[in-house]
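J.: Dropping a structure here in structure tokens format, bear with me for questions.
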Amino acid sequence: MIYRNNKGPVYDKKVAKHRTAERICKFLNSLSILCAAGLVFFPSSYPLAVAVNIAIPLICIAVLKLYSKYVRIDAERHLVKPTIYYAMLYVSLSLTLTSFKLFNILEYFLLWLLVFGFTLLILCFLFFNNIEYKFQPFKVYLKTATSYVFLIGYAYGTITSLNAVLDDSTPQVYYSTILKKHLGGRRGSPSFLLGPWGPKKNKNTIYVSSKFFRDHQVKDHVVILIFNGKFGIPWYTINEL
């Protein structure tokens, strides 16, 4: 809404804020698509890419709090108010996919506690003091919260990535032999079936990069490195002997 007085045109503050919020949300949506694609297709840039992908949902929450009257959190399209939903969705999916492919976790109990705790914390930030949900029935909260189930993947990707990237522990070293090669699988990543090593008393599967998969054959000997993890979540990786 624009009106005039004797000093010239004056912009309604609400309209100005709405347009600013709209531009910010469009920018975040575009940025999230680029960053999500970069993390999935260019893993060599992993430390920087993962930092940006982790940051975008946090920036979205900050935008929501700054422009609470002008920004939505639901997945509905073609409404007047812009939404941060899709900006959070794209990077969450990329973090989920990448972390499942890259990190082999030794113990999951603490990881899942942190994942669900972090997910609930984000949902609290999304709904707390949110004007659109102030007087809504519980089923409306539940519907929107359910649409954010991907935040479990975001939390998983964030915690496993930071647990590994920030880890400066000295690894425990074990040795094993490749028994079988699998291309694909439930994670969509190449993997090896290894003989027993360290805490793994039976045959076990480890996920590897495409290059490592191509460069190694059945009966090759490999090194397994177990790290403590920055958050106390043990994880392991495979190296050449």
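J.: What's the total number of residues in the range 174-207 that are of a type in the set (Val, Ile, Thr) and out of contact with any strand residue (DSSP E or B) (no Cβ under 6 Å at 6 or more places or on another chain)?
T.: Adding up the residues that qualify gives 0.
J.: Hey, can you tell me all the residues within the range 61-95 that are β-branched (Val, Ile, Thr) and buried (at least 19 other Cβ atoms within 10 Å of the Cβ)?
T.: Scanning the range 61-95 gives Val63, Val71, Ile73, Thr83, Ile84, Val91.
J.: If you go through the range 196-241 one residue at a time, how many are modelled with pLDDT of 90 or more, among the aromatic types (Phe, Trp, Tyr) and either part of a strand (DSSP E or B) or closer than 12 Å to Ile105 by Cα (or both)?
T.: So the count comes out to 4.
Conditions tested, residue by residue: (1) of a type in the set (S, T, N, Q); (2) free of Cβ contacts under 8 Å to residues at least 60 places away in the same chain.
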| position | (1), (2) |
| --- | --- |
| Phe27 | no, yes |
| Leu31 | no, yes |
| Ser68 | yes, no |
| Ala75 | no, no |
| Met88 | no, no |
| Ile105 | no, no |
| Leu114 | no, no |
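J.: Within the group Leu162, Leu179, Leu193, which residue is within 29 Å of the chain's Cα centre (by Cα) and part of a strand (DSSP E or B)?
T.: Just one listed residue meets the conditions, Leu193.
J.: In the range 135-168, how many are touching a residue at least 40 places away in the same chain (Cβ under 8 Å) and farther than 26 Å from Ala51 by Cα?
T.: 1
J.: Yes or no: Thr160 hydroxyl-bearing (Ser, Thr, Tyr), assigned by TED's automatic domain parsing to the domain that holds Leu102, at pLDDT 90 or above and touching a Phe, Trp or Tyr at 6+ places or on another chain (Cβ under 6 Å)?
T.: So Thr160 passes the test.
J.: So which of Val40, Val50, Val91 ends up being at pLDDT 90 or above, in contact with a helix residue (DSSP H, G or I) (Cβ under 6 Å, 6 or more places away or on another chain) and of a type outside the set (Ser, Thr, Tyr)?
T.: Of the residues listed, the single one that is at pLDDT 90 or above, in contact with a helix residue (DSSP H, G or I) (Cβ under 6 Å, 6 or more places away or on another chain) and of a type outside the set (Ser, Thr, Tyr) is Val91.
J.: Taking Ser45, is it among the small types (Gly, Ala, Ser) and modelled with pLDDT under 85?
T.: Spelling it out, Ser45 is indeed among the small types (Gly, Ala, Ser) and modelled with pLDDT under 85.
The values are calculated or read from the model by the stated rules, or taken from the named source; none is laboratory data. Here the structure is a predicted model, which means the values were calculated and not measured. When we count neighbours, we look across all protein chains shown, and the Cβ atoms used for this are built from the backbone with ideal geometry, even at glycine.
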